[in-house]
Each structure stands twice: as structure tokens, then as C-alpha cells.
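The values are calculated or read from the model by the stated rules, or taken from the named source; none is laboratory data. Note that the structure is predicted; figures quoted are calculated from it, not measured. So basically every Cβ, Gly included, is an ideal-geometry build from the backbone, and we count neighbours across all protein chains shown.
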Amino acid sequence: MNKRLFHFFTKDHRRVEELLDNATRNPGEIDMEYYNRFRKGLLTHIKMEEKTLFPAAQKANGNVPLPIMARLRLEHGAITALMVPPPTDSLIKVLRYVLDKHDIAEEEPGGMYDICESLTQHQTDELLEKLHNVTEAPLHPVNPAPIALEAAKRALIRAGYDYDVLAT
Ligand SMILES: [Fe+2]
Ligand SMILES: [Fe+2]
């Protein structure tokens with residue numbers, strides 16, 4: 001197996017990380033042009049997993065959800081909620097921590113991508129075509145209302161992370 005899905009998704013992880021690195025290159029300021037490209041890239045990546053990869057893997061698994069899916073979905077919810085408030089140093093710190101853990105769970109040997117790859121090995125071409133044709137996720141302006149950050153904190157708690165602990 002030449003792990004084409006694995007390479008497709010891990011390459012996308014690196015592309016999105018690079019956008020975040022560029023957004024935060026100068027200490028004390030966040031480049032919103034890069035940050036918005038990062039948000040769009042990350043939300044589109046999550047869309048590819050939630051709408052195409054995970055359902056295909058579950059279907060190939062006899063419609064039985066994979067054990068790791070519930071955790072990854074909660075993390076997608078938390079990461080998506082973190083894309084709503086305006087970025088701060090604290091928010092970026094928390095985001096990087098959760099993203100690192102999440103990407104490892106997907107990329108590590110025997111992780112989500114390996115499992116999906118082997119379950120869907122007879123439909124890799126079809127899946128890659130679908131993935132290349134996914135439309136970009138819509139990007140809304142950041143929301144400075146305190147409720148947006150509170151919602152992100154609650155989504156993190158559901159996924160097993162404490163914003164205030166991770167931010168310090
Ligand atoms: Fe993911
Ligand atoms: Fe991913």
C-alpha cells in the first residue's frame with residue numbers, strides 16, 4: 001500500500017501549519033491575512049475529514065463507527081470553535097497544543113489515517129477525486145463577543161481540554 005490518503009492529509013496538515021506559522025511570525029502581532037487563510041484551510045481540511053474520509057471509512061467498516069472517531073469529532077468541534085474568537089497569544093497557544101495532539105492521533109502509525117486507508121483501499125482513486133473537488137469552507141469574520149470565547153472553552157472541555165490551564 002502506498003498510503004496515498006495518508007500523504008494527501010499529512011501534506012495538508014503541513015500546509016495549514018505553515019499558514020499559522022506565517023500568521024504568527026512576528027512576536028506580539030498576528031497577521032490577519034495569513035490567519036484568515038489558515039482558518040479557511042483548517043476548516044476545509046476538517047470538512048474533508050468529516051464529510052468524506054470518516055463517512056467512507058465508517059461505511060467500509062460495516063457502518064460501525066471507529067472507536068477513535070468520537071474523540072476526533074469532539075476535537076474538530078473544539079478546533080472549529082477556536083476559529084471564531086479573534087486570535088490572541090493565549091488562544092494560539094491552546095490551538096497549537098490541541099492541533100498537535102489531534103494531528104498525531106491522525107498521523108501516527110495505526111492512527112486514524114492508517115485505519116481509513118486500509119478500510120477504503122479499494123476506493124482510493126474515487127476518494128481522492130472527491131477530496132480534490134471539495135469546495136472551500138465558508139469563512140466568517142471573527143467574533144469579538146465574549147460568548148464566542150466562552151463557547152470555544154466549553155467545546156474544549158467536551159473534548160477533554162481546559163483552555164485556562166493550557167493558556168497559562
Ligand atoms: Fe482531523
Ligand atoms: Fe487532519
- Filtered residues of the stretch 69-92 (kept if exposed (fewer than 15 other Cβ atoms within 10 Å of the Cβ) and either among the basic types (Lys, Arg) or over 18 Å from Ala145 (Cα atoms) (or both)): Ala70
- Query: What pairs can you find where one residue is in the stretch 74-85 and over 14 Å from Gly41 (Cβ atoms) and of a type outside the set (Val, Ile, Thr), the other is assigned to a loop (DSSP other than H, G, I, E, B) and within 13 Å of ligand 1 (Cβ to nearest atom), and their Cβ atoms are less than 8 Å apart, with a gap of 6+ or different chains?
  - Reply: Leu74/Ala159; Glu75/Ala159; Gly77/Ala159; Ala78/Ala159
- Query: Residue check, Val64 against (1) away from ligand 2 (no atom under 12 Å from the Cβ); (2) of a type in the set (Val, Ile, Thr); (3) in contact (Cβ under 8 Å) with a residue 12 or more places away in the chain, all met but one. Which one?
  - Reply: (3)
- Task: Please give the helices (runs of 4 or more DSSP H) falling wholly within the stretch 52-156 in which 1 or more residues are under 26 Å from Ala23 (Cα atoms).
- Result: 67-82, 89-107, 124-132
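So is Phe9 more than 11 Å from Pro87 (Cβ to Cβ), modelled with pLDDT of 95 or more and either of a type in the set (A, V, I, L, M) or crowded, with 18+ Cβ neighbours inside 10 Å (or both) or not? Give the steps one after another, and end with the answer.
Values: more than 11 Å from Pro87 (Cβ to Cβ): yes; modelled with pLDDT of 95 or more: yes; either of a type in the set (A, V, I, L, M) or crowded, with 18+ Cβ neighbours inside 10 Å (or both): yes.
Taking the combined requirement at face value, the residue satisfies it.
Just give me the residues in the stretch 25-50 being more than 13 Å from ligand 2 (Cβ to nearest atom), of a type in the set (Lys, Arg) and part of a helix (DSSP H, G or I), in sequence order. Spell out the reasoning first.
So the first thing to find is which residues in the stretch 25-50 are more than 13 Å from ligand 2 (Cβ to nearest atom), and the list is 25-40.
Right, trim to of a type in the set (Lys, Arg) and you get 25, 37, 39-40.
Residues satisfying the conditions are Arg37, Arg39, Lys40.
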- What pairs come up if the first residue lies in the stretch 97-122 and is surrounded by fewer than 17 Cβ atoms within 10 Å (Cβ to Cβ), the second is part of a loop (DSSP other than H, G, I, E, B) and at pLDDT 95 or above, and their beta carbons are under 8 Å apart, counting only those six or more places apart or on different chains? Tyr97/Tyr161; Ile104/Gly111; Ala105/Gly111
- Out of Ala155, Ala145, Ala167, Ala151, sole residue that is more than 18 Å from the chain's Cα centre (by Cα), more than 21 Å from Phe9 (Cβ to Cβ) and touching a residue at least 60 places away in the same chain (Cβ under 8 Å): Ala167
